[in-house]
Amino acid sequence: MVELALVVNSRATTLAVSHEATLLHVLRNELGLNGPKYGCGLGQCGACTVWVDGVAARSCVIPAHGVEGREITTLEGLGSRAHWHPVQQAFEDAQAAQCGYCLNGMVMQAAALLAREPQPSEARIRAELSGNFCRCGTHVEIVRAVQLAAERIAGGAA
């Protein structure tokens, strides 16, 4: 076991974890944050996406001790039920979820894109989300949700 100091969703926490623990394991099993999902365990599906210092990252392949002292943001830290992030609101408005399993990764990846590039083209959105798998086939709605969020952010409705 190692003592680990993390900053998750702007809150500092210290906990004892196995040296082999992944960030996903710590977030879900130790901190009770269920936004990031276990999908493939290989960093390929995107269900476990979180931000590490504002950059989208696959938490299932990141050793927890590797992010000590860095800012981790999960879906729960992106927005709240009282004040959703524009991407979260746009996903609901565009009905961009079916089963919802990929939703965490799609939202986190899309929000990271819009933070870097507020007015991405449809091709850029598709390229950014190409590593996030959705088996339900809501890709059209997901792209529309990201476009809607970009429009709202540009219009000051964020």
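The values are calculated or read from the model by the stated rules, or taken from the named source; none is laboratory data. Note that the coordinates shown come from a computational prediction; the quantities given were computed from them, not determined experimentally. Positions of Cβ are generated from backbone atoms using ideal geometry, with glycine treated the same way; all protein chains shown enter the neighbour counts. Surface areas here come from the heavy atoms of the whole protein model, side chains and all, with no ligands, DNA or RNA. Shrake-Rupley method; radii C 1.70, N 1.55, O 1.52, S 1.80 Å.
Looking only at the range 1-21, filter to residues that are within 25 Å of Gly131 (Cβ to Cβ) and under 16 Å from the mean Cα position of the chain (by Cα); which one of those is most open to solvent (accessible area, probe 1.4 Å)? My answer is Asn9.
Take Leu27 and decide whether it is more than 13 Å from Gly105 (Cβ to Cβ), open to solvent by less than 30 Å² (accessible area, probe 1.4 Å), touching a Pro at 6+ places or on another chain (Cβ under 6 Å) and modelled with pLDDT of 95 or more. Yes. Out of the range 79-95, which residues are under 15 Å from the mean Cα position of the chain (by Cα), part of a loop (DSSP other than H, G, I, E, B) and either within 19 Å of Leu113 (Cα to Cα) or at pLDDT 95 or above (or both)? The answer is Gly79, Trp84, His85. Of the residues making up the range 96-132, those that are open to solvent by less than 40 Å² (accessible area, probe 1.4 Å) and in a loop (DSSP other than H, G, I, E, B) are Ala96, Gly100, Cys102, Pro120, Gly131, Asn132. The single condition from (1) touching a helix residue (DSSP H, G or I) at 6+ places or on another chain (Cβ under 9 Å); (2) among the β-branched types (Val, Ile, Thr); (3) at pLDDT 95 or above that Val2 fails is (3). If you filter the range 45-74 down to residues that are out of contact with any strand residue (DSSP E or B) (no Cβ under 8 Å at 6 or more places or on another chain) and within 21 Å of Ala145 (Cα to Cα), you find that the one that is least open to solvent (accessible area, probe 1.4 Å) is Ala47.
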